[in-house]
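Data first, discussion second: the structure below is written as structure tokens.
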Amino acid sequence: MTTKMRAAVADGRGGIELQDVSAPQAAEGSVVIRPVGTGVCGTDLHLVAGDYPHGRFPVIPGHEFAGHVTAVGAGVSGLSEGDYVGVNPNVACGRCTWCGRGATNLCTDLLPVGVAIDGSCAELVAVPEKIVFPLDERIPHAVAPLIEPFACVLHALERVPEWGGEELVVFGAGSIGLMAVILAKAEGAAAVHVVEPNPARRAAAASLGATQVIADPAELDRELFDLALDASGHPVAIGQAIDLLGPRGRLIQMGVAAPAASVALRPYEVFAKELSIIGSNSLAEKYEESAERMVDLHAALAPLITATYPLEQYAEALAAAASPEQIKVQVRL
């Protein structure tokens, strides 16, 4: 039985250090997983800096991951050692009002893996069986960690019914914005326009078949849109997205803005146009569907991975993830 393992540990004060720590054991109702890869995202940057609200320290980061089961605890019936699995990182209480409504992402006692409890930037990670899903072997190891962020995009577009034939404008061409392009095309959007100031990310959006990719919304080839999705979190971009909505236009707000940020809003325009501004937080219960969709979409999503680092270089991986030149950075053992 393994008693020690390597892990990246965040102290909540901006420090991240590779340490030898106690290896997790398979408690009742839980399994231990050896990760095949972990995605690094904006949440991890905020977590390590110590300004993410759910963070509990010290903690091992890593919430976008997949791997193989190495041990199962008592009471686990649906998983076995060796299984190829992915994980919905949100451990919900199952008792609160929001859990009862199926909105587990809004659980009032949420414990996110890699944020409030130890995550996958380690040789092993232990998680409850209830958040673990078997994966199809056709999903490459490199792409499997993308299931979690792709589930966030599925949840976002599920928040807006009957959008398949509409024209969509996406602000921000990071990994989430580009996944929105891929999903929108797969779901039959009439057109997908992308606004992104960074030339490398504009090139990525164009390579994925976006209808129009521009740096400034003034360059868009139409004045109003049925649907806008903000994946940037920048107040200026969010305000521009609202301004581009036509009658009964809808904005999906996915980008994480600073808590104190604000956007000018004209209530009369909301009234006159019957506009809707819809928030989308995390992935809710879309992980299983995302894993199923990944079987067919993994080839389209694979180019989003632009850099990989070994666990020993987790600090470098964080720095790369903060760069606008990168799209999706991963850590692999």
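The values are calculated or read from the model by the stated rules, or taken from the named source; none is laboratory data. Since the model is a prediction, treat every value here as computed from it, not as a measurement. We place every Cβ from the backbone using ideal geometry, glycine too, and count neighbours over all the protein chains shown.
Miscellaneous remarks
- Flag for Ala264 being crowded, with 18+ Cβ neighbours inside 10 Å and either in a strand (DSSP E or B) or hydrophobic (A, V, I, L, M, F, W, C) (or both): no
- For segment 1-23, the set of residues classified as exposed (fewer than 13 other Cβ atoms within 10 Å of the Cβ) and modelled with pLDDT under 95 consists of Met1, Thr3, Arg13, Gly14, listed by residue number.
- Scanning segment 49-74 for residues that are modelled with pLDDT of 95 or more, within 14 Å of Gly14 (Cβ to Cβ) and over 17 Å from the mean Cα position of the chain (by Cα) yields Phe57, Pro58, Val59.
- Selection status of Ala173, surrounded by 24 or more Cβ atoms within 10 Å (Cβ to Cβ) and under 16 Å from the mean Cα position of the chain (by Cα): yes
- Filter result (touching a strand residue (DSSP E or B) at 6+ places or on another chain (Cβ under 7 Å) and surrounded by 18 or more Cβ atoms within 10 Å (Cβ to Cβ)) within segment 284-305: Tyr287, Ala291, Leu304, Ile305
- In the set Arg159, Arg202, Arg222, only one residue is farther than 28 Å from Val270 by Cα and either in contact with a Gly (Cβ under 6 Å, 6 or more places away or on another chain) or basic (Lys, Arg) (or both); that residue is Arg202.
- Close Cβ contacts (under 8 Å, 6 or more residues apart or on different chains) running from residues in segment 169-196 that are in contact (Cβ under 8 Å) with a residue 12 or more places away in the chain and over 22 Å from Thr306 (Cα atoms) to residues that are of a type outside the set (A, V, I, L, M, F, W, C) and buried (at least 24 other Cβ atoms within 10 Å of the Cβ) comprise Val169/His193.
- Hits in segment 235-261 (condition: farther than 28 Å from Trp98 by Cα, touching a residue at least 60 places away in the same chain (Cβ under 8 Å) and either over 22 Å from the mean Cα position of the chain (by Cα) or part of a strand (DSSP E or B) (or both)): Gln240, Leu244
- Only a single criterion out of (1) out of contact with any Cys (no Cβ under 7 Å at 6 or more places or on another chain); (2) outside any loop (DSSP other than H, G, I, E, B); (3) touching a residue at least 12 places away in the same chain (Cβ under 8 Å) is not satisfied by Ala299, namely (3).
- Qualifying strands (runs of 3 or more DSSP E) (wholly inside segment 1-102; at least 1 residues being basic (Lys, Arg)): 4-10, 30-40
- Filter result for His54 (free of Cβ contacts under 8 Å to residues at least 40 places away in the same chain and either surrounded by 14 or more Cβ atoms within 10 Å (Cβ to Cβ) or within 17 Å of Cys152 (Cβ to Cβ) (or both)): no
- Selection status of Leu333, touching a residue at least 24 places away in the same chain (Cβ under 8 Å), of a type in the set (A, V, I, L, M) and buried (at least 19 other Cβ atoms within 10 Å of the Cβ): no
- Qualifying residue in segment 66-82 (condition: among the acidic types (Asp, Glu) and touching a His at 6+ places or on another chain (Cβ under 9 Å)): yes
- From the options Ala299, Ala317, Ala261, residue that is more than 30 Å from Pro134 (Cα to Cα) and not polar (S, T, N, Q): Ala261
- Helices (runs of 4 or more DSSP H) (entirely within segment 137-229) containing at least 2 residues that are in contact with a Lys or Arg (Cβ under 7 Å, 6 or more places away or on another chain) and either of a type in the set (Phe, Trp, Tyr) or within 26 Å of Pro35 (Cβ to Cβ) (or both): 147-158
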